[in-house]
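Quick notes on the structure that follows.
Since every read-out is calculated from the coordinates, none of them should be taken as a lab result. A quick note: this is a predicted structure, and the numbers were derived from the prediction, not measured. For neighbour counting, all protein chains shown are included, and Cβ atoms are generated from backbone atoms with ideal geometry for every residue, glycine included.
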Amino acid sequence: MALKIVKGSIDRMFDKNLQDLVRGIRNHKEDEAKYISTCIDEIKQELKQDNIAVKANAVCKLTYLQMLGYDVSWAAFNIVEVMSSSKFTYKRIGYLAASQCFHESTDVIMLTTNQIRKDLSSPNQYDTGVALTGLSCFVTPDLARDLANDIMTLMSHTKPYIRKKAVLIMYKVFLKYPESLRPAFPRLKEKLEDPDPGVQSAAVNVICELARRNPKNYLSLAPLFFKLMTSSTNNWVLIKIIKLFGALTPLEPRLGKKLIEPLTNLIHSTSAMSLLYECVNTVIAVLISLSSGMPNHSASIQLCVQKLRILIEDSDQNLKYLGLLAMSKILKTHPKSVQSHKDLILQCLDDKDESIRLRALDLLYGMVSKKNLMEIVKKLMLHVDKAEGTTYRDELLTKIIDICSQSNYQYITNFEWYISILVELTRLEGTRHGHLIASQMLDVAIRVKAIRAFAVAQMATLLDNAHLLTGNTQRNGICEVLYAAAWICGEFSEHLEEPMVTLEAMLRPKVATLPGHIQAVYVQNAAKLFATVLRGHEGVPADSMVAQETSQLLIDRLPLFVQSSNLEVQERASCILQLVKYIQKLQQKDVEVAEEVTALFAGELNPVAPKAQKKVPVPEGLDLDVWINEPPSGSESEDEGRKSKGKAVFAKEESRHTKPRYTEVDEKELAKRREVRKAEQANNPFYIKASPSSQKVYQDGVGVEHIPVVQIDLSVPLKVPGMPMSDQYVKLEEERRERNKADKKKKKDKKKREKGEKGRRRRGDSGPESEEDITPAHMVDIVTEEMPENALPSDDDDKDPNDPHKALNIDLDKPLADSEKKLPVRSHRPDEVLKSPMEDRQVVEVVPEPKKKTGKEKKEKKDRKKSKEKKKKHKQEEEEDLMGAGSEEPVQPEETKEVAAPPPASTPEAAAAPASTPRTASGMAAVAPDSEPEEAKDTEPEETKSSTHKKKKQKKEKKKKKHHHNHSDGAGDESVQNGTVEEEEPLPPMSNYALLAENSYIKMVCDIQGNLQDGSQVVVSVIFENKCDSFIKSMEFNVLDSLNSKLQRPDGAGPHDGLIVPFQLPPGISNEARFIFSVQNIVMPQKLKGTLTFIVKTDDSSTHEKLDFKLHFTCTSYLITTPCYSDAYSKLLESGDLKGCSLKLEGVNQPFHHLLARICFHHHFSVVERIDSCASMYSRSIQGHHMCLLVKTADQTVSIDAKCDEPGLLGNVLDEIKLTFSQC
Amino acid sequence: MIKAILIFNNHGKPRLIRFYEYFAEDVQQQIIRETFHLVSKRDDNVCNFLEGGSLIGGSDYKLIYRHYATLYFVFCVDSSESELGILDLIQVFVETLDKCFENVCELDLIFHMDKVHFILQEVVMGGMVLETNMNEIVGQVELQNRMEKSEGGFSAAPARAVSAVKNINLPEMPRNINIGDINIKVPSLSPF
């Protein structure tokens, strides 16, 4: 033995340790991979040894190799081995390795549960600490569920070191297992006031993370945080809290008002920049939330802007960056106060730091106005010239275009200037954004009618100088602009001065080097130009030669394109070539063809909104999901291929959406549409109309005609030496404005003398010149994009459905139900073993759809004090409810097995159920003792969504998602699981909630379910809905007991006392309460008379009201969905104890599976077996009567043969089934 | 939340990587390369924040880094963290390393990746800041090391090897890293 140990340790001396490995790798620089692979082989050998020290050493080396990019997941099991070592030294290495390479799909993780639990409860705090740290990195939903309780216990550990780790890791647990949030939250809240600052900080950290995602659930903590903020001296904690407040204020403006003062104090007093910065940020958030009608906060804004200016002016680049970042937040709501610092921001554009320049650019975007747009863009253009790196230059380019095109070109007063800016931008070599410029050119030319002539002239020049742009087409994205240029020249060719020249330019041989899609546009538009040329020259005898020459030109040049390898180009070219040849023949016969050729391209084009296609409403009666033809079977891949092909065609068409012509739409229709559009535009505030002022300018002669296009020498190459041409427009524009102002001034002077100074201000002073003073240079007709008629409003919700934080949107204010106080503990509760595994399944089931629950829970806000008093009363009720809830769910034998299998002990597994049901139960049934009116109002929109019950039953059913979902789920599951049914068609929505009574104040709907646990109990869930505008409170529910059925009242209450409904109802709100009835005889249906009394409270008065109702206990409500195996079922039938009865239903034309689902759902049956149109079903009463059905269907006739050991009950149930089908 | 912590040297060699979100190994390496590419081309006198970096990206995320002598310390964080706070945290972490390794240099990180991890674990846990008080961190690290020693240590050999290597004089990290430029008072948590 001793020898073995000695031998082992000698061996160890020759093992490489981590340092040896690192050194080895450093010494094998040239064949590192080879060296490492031998090392890995060694490690594999070492891992095979029994000695844990050797293994740990190997695992340690693997961790290093993992960092270098080697996959070490193959050693996962060895890592688990090392983790479970009893020595801290090795354990720590094991956990480290695990935290580096385990993830959710690592299968050995599930082996670690018990080891981790053991470590968590280790007497050694560092064992616990290491386990917590490791777990925080690889926690899975299973681990979270299994260990939540252990971790929660650690939150109250005696050692602060453990407490803070336990508190922090809870966040990860919440993410993976949202059900744990509510039970754990009270303790987490306690930790906010932990004596240890580290623990406190951890708790703040966790709550801030939680609150950031779902702030409204944490509003109630605001006072506590407020206290912390004023008392804490820990900057970390302060920063977190202040950030949290920033997230809360948008939801609660009152909080914001309260915050301003302490925050301002902090801003003045703190020396810590980080704190100062966060304070400023939160003040900004507050101001944004208060932005309307809070004039007296301008001081705060000033303070913020001032402080930010100091940050921006600071030499520290970090502060500068953050200052700009915060500035952009103010900009959104208070642009004025930021605009005064334009100088500073423009200065930042010169900064050597790219991050800062980008931030400054962002700011500029929001700072432009009609007045300063040209100036800012000019500045940016300078930067474009200076910028070396292409990424920054591209960024600049997109920013310029963004700035100019924002809100429908709102700030552009002179489109000629804009076009020339775009043309200047085409000089950028190697930019990726050619298509962006191109689309801007197209957009402007199409939508701004007044600019077309100018745009066409510019584009013609571009085409003429195309060789400048296409230097190297491979890397040059800029040639995309030629696409736009060619199209604009072709489409608006009537504005061309010399169409011949342009046509010639478009047919140069060099064009063939352009990308195919551009060539295609060239060819097509050459044809358009050709049409224009013909029209221009026909009729005049002297010019007929020109027309013929043009034809010849096309005939000469087009063959080049006919040979193109690009299909599109080839097709168009050959088509047009033939056309031209034909035209030439006609020309030679002196036939006038111009008109007909022009007709090819007649009609006006309007831009179509990008979402137009999506918004076309689906016509009634058209189901897009229905197959037109039966899908061919077995040719999946082919099918897909076809689909993708179709898609490509569509996408292609879309990219050329400017192409299609609407010539076939008859003129009347067009005229009509135009009328409609005009009317629309007249009412559209964003549509720039011919305002009186611009009209005047027009008359003053600064209109379109006056813009001296001649000034730009178009024949010279684009790069004009000296002054770039857009500058000319800046100058012109200035002059124009000056003149404009002078004019106005004159007029004003005549009227009022004292406003004289205004006009003298120069551009650049942020003078008092208001936006309205600047009139557009010409009437700008920005054509709005077309939308289909009856376009559907509302856009798609862009929220990420996979966000894990969604699941944590859980109301935390509601006090915990007694049973909820503990997380699921896997301990023994033998008396309930029978049914609990299925409840456990429920818990698992809830995980993926926790969202559903929250709506319900929100309305369960309770008043704490009251609920404490009442808790006792409700305790019993709730417990009953839980059981009721549990038993509603069909038990699935197969699933039960599955769930019970993985964990080591099946009994503890089972026992988890009772503790965990409250979550589900409360989710499902919403036992809500008290709802606090004010808070309920805050969350009203959502509440109403989930819980208001509309008058119409169907609507109600839809809204009542939770309930029918669970039920129909159950029903659906069943037929799939137990039977052989394949459910394809969705089941119609179903609900068991039936109207109980209703008056103008309140509406009650109820659902009655048997209670499996107690053969003599029935649970009645009643949803109360407040229908009036007043508050309803002090509801009392009372029922006249019969001999057979009695309402269960709390101990000490008299037999005629009513039950107080444990909540109040604000207007429009509904809530659910449950009542337990004890029944003796379940064979007969029962009716009970009852009364609900309540107080309707309005602002000034309150009145007592009452509502009578009749509770109908059907025999169905005594049945409980119970699954049954087919062998057990046949034994039952063979036993001969059951008595039969049968029923025939005529004229039932529902699908069979719907029919089954209906029986399952409404009458609590489960499908045992289904063969074609025949199914056997089973159910059990609360008193243990078996009930078997054999359902057959043929030709709209359904026959049900039923057997039960209690014929009375059977008869009644069958009657009820009959009733169900007669109703639908 | 902190999404990842990367330490690499001036040549992009990783010295410590710690992802708080799962990425496959090859993706991790790609992230390191890309981050290095982004960070390394920046001057020392520009700001320490970087947006973008497609892999770790998402508009909510930022890279916050510091450059000490031969090493870059890069934290990828989302908007719930204070930028200046994280800068300060990096400072605290480096100072802690300095204390634990006595004049920390790149070699310490190279040969004791595991120990650096253990120290980091006392600062950041599961992507959340655990402790910012340097004395507290150092104290806990030392207590754990003492425990390891009492168990006989992981192995005696490395100690010798390290001392041998340490004699090779590689560029040391500056002792007192310029703390003055960011004026955050490291929270003075009272020791317990």
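Determine, from the Cβ-Cβ distance of A:Asp1201 and A:Leu1040 and an R0 of 41 Å, the FRET efficiency 1/(1 + (r/R0)^6), rounded to the nearest 0.05.
In this case the efficiency is close to 0.60.
Would you please give the FRET efficiency between B:Leu143 and A:Ser1016, computed as 1/(1 + (r/R0)^6) with r the Cβ-Cβ distance and R0 = 41 Å, to the nearest 0.05?
0.10
Would you mind checking A:Lys1046/A:Lys1144; A:Lys329/A:Lys399; A:Lys352/A:Lys379 for any pair whose Cα atoms are more than 28 angstrom apart?
Details: A:Lys1046/A:Lys1144 35 Å; A:Lys329/A:Lys399 18 Å; A:Lys352/A:Lys379 16 Å.
Over 28 Å apart, Cα to Cα: A:Lys1046/A:Lys1144.
For B:Asp44 and A:Ile555, what is the calculated FRET efficiency with R₀ set at 60 Å and r taken between the beta-carbons, to the nearest 0.05?
Values: r = 66 Å, r/R0 = 1.11.
For R0 = 60 Å, the calculated efficiency reads 0.35.
So how far apart, in nm, are the two label points at A:Lys352 and A:Gln406 if each is 7 Å from Cα heading toward Cβ?
3.0
Want the number for A:Gln45 to A:Lys159: 0.36 nm per residue separation, take away the alpha-carbon distance, what's left? Walk me through the numbers on the way to the answer.
Numbers: separation 114, 0.36 × 114 = 41.04 nm, distance 4.07 nm.
Residue separation times 0.36 nm, minus the Cα-Cα distance, leaves 37.0 nm.
If you stretched the chain out fully between A:Val618 and A:Met110, how much longer would it get, using 0.36 nm times the residue separation minus the C-alpha to C-alpha distance?
Working: separation 508, 0.36 × 508 = 182.88 nm, distance 4.95 nm.
Length difference between fully extended and current span is 177.9 nm.
For the residue pair A:His268 and A:Ile310, what label-to-label distance in nm results when each label sits 7 Å from Cα along the Cα-to-beta-carbon direction?
Placing both labels 7 Å along Cα→Cβ, they lie 1.2 nm apart.
Around B:Ile86, with a cut-off of 11 angstrom between Cβ atoms, what is the net charge of the other residues, counting Lys and Arg +1 and Asp and Glu -1? Could the numbers behind the result be given before it?
Working: positive: B:Lys62, B:Arg66; negative: B:Asp78, B:Glu81, B:Glu83, B:Asp88.
Every neighbour counted, the sum reads -2.
In terms of modelled amide H atoms, which long-range or inter-chain residues lie less than 5 Å from the amide H of B:Tyr65?
Long-range HN contacts for B:Tyr65: B:Phe75.
Any of B:Lys41/B:Lys115; A:Lys34/A:Lys91; A:Lys16/A:Lys48 with alpha carbons more than 20 Å apart? Name them for me. Before the final figure, lay out each step's value.
Working: B:Lys41/B:Lys115 30 Å; A:Lys34/A:Lys91 30 Å; A:Lys16/A:Lys48 15 Å.
From the list (B:Lys41/B:Lys115; A:Lys34/A:Lys91; A:Lys16/A:Lys48), the Cα-Cα distance tops 20 Å for B:Lys41/B:Lys115; A:Lys34/A:Lys91.
Kindly write out, for region A:566-579 in residue order, the coupling ³J(HN,Hα) from the Karplus curve 6.51 cos²θ - 1.76 cosθ + 1.60 (θ = phi - 60°), rounded to whole Hz, with x marking Gly and Pro.
Along region A:566-579, the couplings run 7, 4, 4, 4, 4, 5, 5, 4, 5, 4, 5, 4, 4, 4 Hz.
Please report A:Trp74, A:Trp627 as a ranked list, fewest other C-beta atoms within 10 angstrom at the top and most at the bottom.
The most exposed by this proxy come first: A:Trp627, A:Trp74.
Could you give the distance between the Cα centres of region A:138-200 and region A:21-84, to the whole Å?
34
Stretched out fully, how many nm does the piece from A:Ser1222 to A:Lys449 gain, at 0.36 nm a residue minus the Cα gap?
My answer for the length gained is 271.7 nm.
Whose amide H sits under 5 Å from the amide H of A:Lys370, counting only residues 5 or more places off or on another chain, with H placed in the peptide plane?
none
May I ask you to list the residues of region A:1166-1203 whose amide nitrogen lies under 13 Å from a point 7 Å from Cα along the Cα→beta-carbon direction of A:Lys1139?
A:1203
Give the distance, in whole Å, between the Cα centre of region A:267-292 and the Cα centre of region A:1153-1216.
Cα centres, region A:267-292 to region A:1153-1216: 67 Å.
Take every Cα pair under 8 Å in region A:312-433 that's 6+ residues apart, average their separations, divide by the length, and report that relative contact order as a whole percent.
It rounds to 20 percent for region A:312-433.
In sequence order, what are the phi-derived ³J(HN,Hα) couplings for region A:1138-1154 according to the Karplus relation 6.51 cos²θ - 1.76 cosθ + 1.60 with θ = phi - 60°, rounded to whole Hz, with x for glycine and proline?
Each residue of region A:1138-1154 in turn: 9, 9, x, 5, 9, 8, 10, 10, 9, x, 8, 10, 9, x, 4, 6, 5 Hz.
Describe numerically, in nm with one decimal, the distance between label points set 7 Å from Cα along Cα→Cβ at A:Asp625 and at A:Lys1089.
Modelled inter-label distance: 4.9 nm.
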